1. Among (1) touching a residue at least 40 places away in the same chain (Cβ under 8 Å); (2) among the charged types (D, E, K, R); (3) part of a strand (DSSP E or B), there is one condition residue 179 misses while meeting the rest; what is its number?
2. Residues in region 45-52: is at least one crowded, with 20+ Cβ neighbours inside 10 Å, among the aromatic types (Phe, Trp, Tyr) and either touching a strand residue (DSSP E or B) at 6+ places or on another chain (Cβ under 6 Å) or part of a helix (DSSP H, G or I) (or both)?
3. Can you pull out the residues in region 186-214 that are more than 26 Å from residue 47 (Cβ to Cβ) and either within 11 Å of the chain's Cα centre (by Cα) or exposed (fewer than 13 other Cβ atoms within 10 Å of the Cβ) (or both)?
4. Under the condition of being among the hydroxyl-bearing types (Ser, Thr, Tyr) and in contact (Cβ under 8 Å) with a residue 12 or more places away in the chain, which residue from region 48-94 is farthest from residue 114 (Cα to Cα)?
5. One residue is enough: does region 143-161 have a residue meeting the conditions in a loop (DSSP other than H, G, I, E, B), under 21 Å from residue 179 (Cβ atoms), out of contact with any strand residue (DSSP E or B) (no Cβ under 8 Å at 6 or more places or on another chain) and not β-branched (Val, Ile, Thr)?
6. Take the residues in region 185-216 that are assigned to a strand (DSSP E or B) and of a type in the set (D, E, K, R), then tell me which one is farthest from residue 80 (Cα to Cα).
7. Tally the residues that are touching a strand residue (DSSP E or B) at 6+ places or on another chain (Cβ under 9 Å) and exposed (fewer than 14 other Cβ atoms within 10 Å of the Cβ), restricting the search to region 63-79.
Amino acid sequence: MVARGAKEQGFTLIEVLIALAITAFVGAAAYSGLSAVISGVESTRAVAERSWEVNRALMILSRDLRHFSPRPVRDEFGEQEPALSGGRAARFMLSFTRSGWHNSGDYNRSNLQRVNYVVQEEALWRESYPVLDRAGSTEPRRVLLLDGVRGLRLSFLDAPASLGPGSRGTMIDTRNWPENWVMDTSQPGQQLAPPVALELVLELDDLGELRSLHALPPF
C-alpha cells in the first residue's frame, strides 16, 4: 500500500518531449538506412538489367554473324545486294544473309534469311525479311534490341594479310580497316566478296563505347 502522504510519481513534460525527440531521431536514422539499402538494391537491379539487355543484343548479332551465308539477294527494286554490306555509305548500317533460320512451322521456305541492323531514334533494331529476293510489297519484321544507343560504327577486314603489325594474339589493330563495305558503282556487275572479319563499336548513353570483334565463317 502507498501511504496517503506520498506523492504520485510520473513524467514531466520535458522528459516526454526528450523521449519523443529520441524516438524520432532513431526512426529517422533507421528510415535513412533502409532507404539507402533500397536505393542500392534498385541501382544494382537496374545495372543488372541493363547488362542483360546489352549482352542479349550482342549475342543475337554474334549469332547471326556466325551463321553468315555468302548468298547475294535482290532488293525490292530488283537490284542485287551483296551477301554482306555495311557502313555509313551503305543503305543499311549492316545487312547480310544468314543460315540456320529455324522452321518450326515446316513452311515451304529456305533456311536462309536476310537481316539488317539499323540505328534509329537512339535505338538498335534488327530487321528480317520473310523471303530472300524481295518484291516491292515485302516489309521487314522489326525487333527492338537495345535503346539508349548514340551510334554504331563498323570497320571491315578484307583479308588476313591486311592485319596491321600491331596485331598480335588477342590485340588486333583495326585503325586502318575500311569503315564501309559497299559495291563499287564504277564497276557494274562486279561481285563484292564478303570480308574476313568486322569490328563493331556500339556507343551507349550510360556505358560509353563497347567494342566487339566478329570473324565470319570461311567458305
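What follows is calculated from the coordinates using simple rules that are stated; it is not laboratory data. In this text, all values refer to a predicted model and were calculated from it rather than measured experimentally. Quick reminder, even Gly has a Cβ in these numbers, built from the backbone with ideal geometry, and neighbours come from all protein chains shown.
1. Exception for residue 179: condition (3).
2. Narrowing region 45-52 to residues crowded, with 20+ Cβ neighbours inside 10 Å: none.
No, region 45-52 has no match at all.
3. Result: 186, 187, 188, 189, 190, 191.
4. Here is the first cut: in region 48-94, the residues among the hydroxyl-bearing types (Ser, Thr, Tyr) are 51, 62, 69, 85.
Retained after the next criterion (residues that are in contact (Cβ under 8 Å) with a residue 12 or more places away in the chain): 62, 69, 85.
Details: 62: 15, 69: 10, 85: 12 Å.
Applying the filter and picking the extreme gives 62.
5. Yes, the conditions are met somewhere in region 143-161.
6. Kept after step one, since they are assigned to a strand (DSSP E or B), are these residues of region 185-216: 197-204, 208-215.
Now drop any that are not of a type in the set (D, E, K, R), which leaves 199, 203, 209, 211.
Details: 199: 25, 203: 31, 209: 33, 211: 30 Å.
The selected residue is 209.
7. Initially, region 63-79 is screened for residues touching a strand residue (DSSP E or B) at 6+ places or on another chain (Cβ under 9 Å), giving 63-75.
Now restrict to residues that are exposed (fewer than 14 other Cβ atoms within 10 Å of the Cβ): 63.
Residues in region 63-79 being touching a strand residue (DSSP E or B) at 6+ places or on another chain (Cβ under 9 Å) and exposed (fewer than 14 other Cβ atoms within 10 Å of the Cβ): 1 in total.
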